[in-house]
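Quick notes on the structure that follows.
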Amino acid sequence: MIHLKGIEKTYPSRSGSNPVSALTEVDLEIKAGEIYGIIGRSGAGKSTLLRLVNGLEAPSSGEVWVDEKEISRLGEKDLRLARTKIGIIFQHFNLLWSRTVWENVAFSLEVAGKSKGEIREKVSELLERVGLMDRAHAYPSQLSGGQKQRVGIARALANNPKVLLCDEATSALDPETTASILQLLRDIHRDTGITTLLITHEMSVVKSICQQVAVMDGGRIIEQGRVADVFKNP
Ligand code: ADP
Ligand code: ADP
């Protein structure tokens, strides 16, 4: 479902400094239906990798394939279409603050040109799924962190994506809320089989939800495999 082949990513130099090598010799294959974790400390290259998968950045060399399309070679229109197959949730939620929970979820369906009837049905199904139906008319500022992330998850799933990207999705939450959001992601994965790629600096997140893991350091994948094997106790 997601395939990175021989990726190098260098950011151009800024104001005379040397170019930054963010990814080196990255090869990664994520099969349909997997929950795959990428773990590494700050600066390891995780966000860059996610931006490549989402087509926000192009690799300096190598190929990025998502759902059988080479993302880095698509034109603007095809890229926009390919992105509707990818849902993303963010560390800081990225909600529209002037809109209600309902409107935040409806927005991505409106952008996709869905009819009013379809939108109504889908939004209520999604809010039901994330347990927020009773908060449909609240504004993000009236929600707890966990509730905000539930809105983020509902929004990410609105257009029935094939891939769910989680960008430090629980890093702004306390441990109890983190556990409940991870449980929700696990349930959604169980029910839909959506291919899920999660980046995090927290080992506990990977251990609690991922089947496969890649460990990144200094722009390289230094280890990858089944979580149970990679984090095996000696
Ligand atoms: P992580 O998400 O693991 O913290 P990043 O992908 O953000 O890692 O960063 C990897 C490396 O690339 C770091 O050295 C970072 O400073 C650099 N980097 C990231 N984004 C940019 C950018 N837009 N321009 C220049 N350097 C960048
Ligand atoms: P209209 O067709 O008059 O615009 P909508 O059905 O789009 O009416 O809904 C109007 C508002 O009511 C929407 O902005 C939305 O916030 C809210 N809404 C609609 N259906 C529901 C529902 N099932 N549960 C909660 N809020 C809803």
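When the solvent-accessible surface of protein heavy atoms is calculated with a 1.4 angstrom probe, in what order do D187, D217, D174 fall, highest first?
Correct descending sequence by accessible area is D174, D217, D187.
Please name whichever of G146, L165, G225 sits farthest to the positive end of the charge dipole of the range 120-234, dipole taken about the Cα centre and charges placed at Cβ: Lys and Arg +1, Asp and Glu -1.
It is L165.
Any idea how far apart A228 and E121 come out in nm if each label point goes 7 Å out from Cα toward Cβ?
Here the modelled spin labels are 4.1 nm apart.
Okay, helix-only estimate at 222 nm for the chain: each DSSP H run of n ≥ 4 adds -39500 (n - 2.57), divide by all residues, round to 500 deg cm²/dmol; what do you get?
-10500 deg cm²/dmol, from helical runs alone.
Once you put a point 7 Å from the Cα of R14 and another 7 Å from the Cα of D134, both along the Cβ direction, what distance in nm separates them?
Rounded to a tenth, the inter-label distance reads 4.6 nm.
Once you place label points 7 Å from the Cα toward the Cβ at L79 and E202, how far apart are they in nm?
Label at L79, label at E202, 3.2 nm between them.
Based on the alpha-carbon set only, what is the convex hull volume of the range 113-234 divided per residue, in Å³?
138
In the range 39-119, which trypsin sites (Lys or Arg not before Pro) fall in coil by DSSP and have 13 or fewer other Cβ atoms within 10 Å?
R41
Report, to one decimal in Å, the Kirkwood hydrodynamic radius for the range 66-163 based on all distinct Cα pairs.
14.0
If I compute solvent accessible area with a 1.4 Å probe over the protein chains, what percent of it on the chain is carbon and sulfur?
Heavy-atom surface of the chain belonging to carbon and sulfur, 1.4 Å probe: 48 percent.
So which chymotrypsin sites (Phe, Trp or Tyr not before Pro) in the range 70-147 are both in a DSSP loop and have at most 12 other Cβ atoms within 10 Å of their Cβ?
Hits after loop and neighbour filter: W97.
What is the percent of Cα-Cα separations in the range 2-57 that go past 13 Å?
Roughly 66 percent, rounded to a whole number.
Can you tell me the Rg and the Dmax, both Å, for the Cα atoms in the chain?
18.0, 57
Arrange the residues I222, I86 by how much accessible surface each exposes, largest first, with a 1.4 angstrom probe.
So, going from the largest accessible area down, we get I222, I86.
The values are calculated or read from the model by the stated rules, or taken from the named source; none is laboratory data. Remember, it's a predicted structure, so these values are computed and weren't measured experimentally. Backbone-built Cβ (ideal geometry, glycine too); neighbour counts: all protein chains shown. Keep in mind that these areas ignore ligands, DNA and RNA; they rest on the heavy atoms of the full protein, side chains included. Shrake-Rupley method; radii C 1.70, N 1.55, O 1.52, S 1.80 Å.
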